[in-house]
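See structure below.
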Amino acid sequence: MAAGSSRRVIGLGAVGAALGGALLLGGRRIRADREIERRIRALTPPPSRDRFDPRSVADQPEPVRRYFLHALAEGAPLDGAVRLSMRGQIRLGVGGAWKRMRAEEILAPPRGFVWRVWAGEGLTRLTGADWLEAGSAGVRFFALGVVPVAQASGFDVDRSAAGRLALESIWAPAALLPERGVRWEVEGPDAIRASLRIAGEPHSFTLGLDDAGRVRSVTGLRWGSLADNEPHAWIPFGADVDDERTFNGVTIPSAVRVAWWHGTARIFEFFRAEVEVLPLG
């Protein structure tokens, strides 16, 4: 009887430890989700009453004017943020396999973004978020919904996230208007360069356009490191645009292929997505 009782006590203890661990992990995930929701609320403005007037870009060089007159219909809302839905594929490391992915993002240039992703299936399923808000950025991912597998913050993460936000501003053309403090320069007949400040630092990117003003590519430099033995540095980064769609008078790239070392022999394409705009509210 004593031996049997001992086994039952050990068994109950193991069950209790497992439950305690599960509750601890679940509690961490709940706290992380609450913090993400807070950041989303902080970056989501009320709908804007301002509307696009083509005369506001009349003094801009022709390629800049061409871009805005294509991206923004007369009377389009000039919201300070955009909410996006994404579906496609992602690779989480050089040499990694492509995983099915869906994501949602609140994008509010130049203030910040929150990107939530669900990638993979079964035992390889990952969920998590990247964000930049109030000048600070972070990364947090979970396996199987609750097990922490990646968490990062600090200077390198802040600078990389700011560069990402600059290039992703193509999904929020109203935020790129000159009246919002963005400076535009012409690099060629079909190439224009935007410069803006994010998280206290200057960032810039180049849009490649076609004759109608459609965005065909976005390129720039983003702070990062793709290997453990490499220091962080400014890396060519960009996206090729395969399609576009119009949502409530705002035309944005809707099919993209994104890569580190964009335009070089070392190119690492890691993200392919179809993008839609969701209601802000």
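The values are calculated or read from the model by the stated rules, or taken from the named source; none is laboratory data. Worth saying up front: this structure is predicted, and the values here are computed from it rather than measured. Reconstructed Cβ throughout: ideal geometry from the backbone, glycine too, with neighbour counts over all protein chains shown.
Here are a few things to note about the model shown:
- Filtered by the rule that a residue be over 21 Å from TRP261 (Cβ atoms) and either surrounded by 13 or more Cβ atoms within 10 Å (Cβ to Cβ) or among the aromatic types (Phe, Trp, Tyr) (or both), the range 154-168 gives PHE155, ASP158.
- The listed residue being at pLDDT 95 or above and more than 21 Å from ARG272 (Cα to Cα), out of ALA227, ALA194: ALA194
- In the range 51-99, the qualifying residues are those that are assigned to a strand (DSSP E or B) and of a type in the set (Val, Ile, Thr), and the one that is farthest from ILE170 (Cα to Cα) is ILE90.
- Matching entry among PRO189, PRO279 (being touching a helix residue (DSSP H, G or I) at 6+ places or on another chain (Cβ under 8 Å) and either in contact (Cβ under 8 Å) with a residue 24 or more places away in the chain or surrounded by 21 or more Cβ atoms within 10 Å (Cβ to Cβ) (or both)): PRO189
- Any chance ILE198 is touching a strand residue (DSSP E or B) at 6+ places or on another chain (Cβ under 7 Å) and aliphatic (A, V, I, L, M): no
- Residues of the range 220-245 satisfying the condition of being touching a helix residue (DSSP H, G or I) at 6+ places or on another chain (Cβ under 8 Å), more than 18 Å from ALA172 (Cβ to Cβ) and of a type outside the set (A, V, I, L, M, F, W, C): GLY224, SER225, HIS232
- Cβ-Cβ distances below 8 Å connect the following pairs, each with a first residue in the range 56-77 that is more than 10 Å from LEU177 (Cβ to Cβ) and touching a residue at least 12 places away in the same chain (Cβ under 8 Å), a second residue that is polar (S, T, N, Q) and assigned to a loop (DSSP other than H, G, I, E, B), and a separation of six or more residues or different chains: ALA76/ASN248; PRO77/SER48; PRO77/ASN248.
- When residues of the range 47-66 are limited to those that are small (Gly, Ala, Ser) and loosely packed, with under 14 Cβ neighbours inside 10 Å, the one nearest to ALA81 (Cα to Cα): SER48
- Matching entry among LEU177, LEU92 (being within 30 Å of HIS70 (Cα to Cα), among the aliphatic types (A, V, I, L, M) and either touching a helix residue (DSSP H, G or I) at 6+ places or on another chain (Cβ under 8 Å) or touching a residue at least 12 places away in the same chain (Cβ under 8 Å) (or both)): LEU177
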